[in-house]
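Before any comments, here is the structure.
The values are calculated or read from the model by the stated rules, or taken from the named source; none is laboratory data. This is a predicted model, so every value here is computed, not measured. As a convention, Cβ positions derive from the backbone with ideal geometry for all residues, glycine included, and neighbour counts pool all protein chains shown. The accessibility values were calculated without ligands, DNA or RNA, using every heavy atom of the protein model including side chains. Shrake-Rupley method; radii C 1.70, N 1.55, O 1.52, S 1.80 Å.
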Amino acid sequence: HLSVMRTPAVADSDVAEVVVFCKGEVVRAEERSPSMYSSIDLVADKVARKLRKVKERREGKRNKPQLKMSLGEMLEDPVEMEPEVFDATSLIRRKTHAMPAQSLSDAMICMDGLDHDFYMFTNEETGKINVMYKRKEGGLGLIEPEN
């Protein structure tokens, strides 16, 4: 997806966004720059790095057990609802997806592949829903329920 913001206040107005679906995994990358050509070059490099990681990960896990459901299957049929009137208390979007149990390392890999700031998953050790997030200071954080 390519887009241009026509606002003089925004320096990096040209955006290139790529989503690749590859055998059950989703790789997403986005780059912004003053030129569409440079945005495309930057996002192509980023996607190539992420696809290389996916390939290396798959080659290293050939003999290890796979997830019960792939990430692509989990995100296949999201349910979205949009209310007509928007204010500070309106629910704008709702998504549902299956969350098979994952290890912390698998959750980190999925979050990195999706290029999101957070990732919600069922922890295979505890069976409870956890949220992994990128910290502003760097590194990752994990939110776990007390009970």
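How many residues are among the charged types (D, E, K, R) and closer than 14 Å to CYS110 by Cα if we restrict to the range 127-142?
1
Somewhere in the range 27-48, is a residue outside any helix (DSSP H, G or I) and at pLDDT below 75?
Looking for residues that are outside any helix (DSSP H, G or I) and at pLDDT below 75, one finds none in the range 27-48, hence no.
How many residues are free of Cβ contacts under 8 Å to residues at least 24 places away in the same chain and open to solvent by 70 Å² or more (accessible area, probe 1.4 Å) if we restrict to the range 20-42?
Looking only at that region, the number is 4.
Filtering the range 99-129 down to residues that are of a type in the set (Gly, Ala, Ser) and out of contact with any Asp or Glu (no Cβ under 9 Å at 6 or more places or on another chain), which residue is farthest from LEU142 (Cα to Cα)?
GLY127
Which residue is surrounded by the most Cβ atoms within 10 Å (Cβ to Cβ), if the candidates are limited to the range 93-134 and must be at pLDDT below 85 and among the basic types (Lys, Arg)?
ARG94
Just to be sure, is GLU137 at pLDDT 85 or above, out of contact with any Leu (no Cβ under 8 Å at 6 or more places or on another chain) and either closer than 25 Å to VAL43 by Cβ or not basic (Lys, Arg) (or both)?
Yes.
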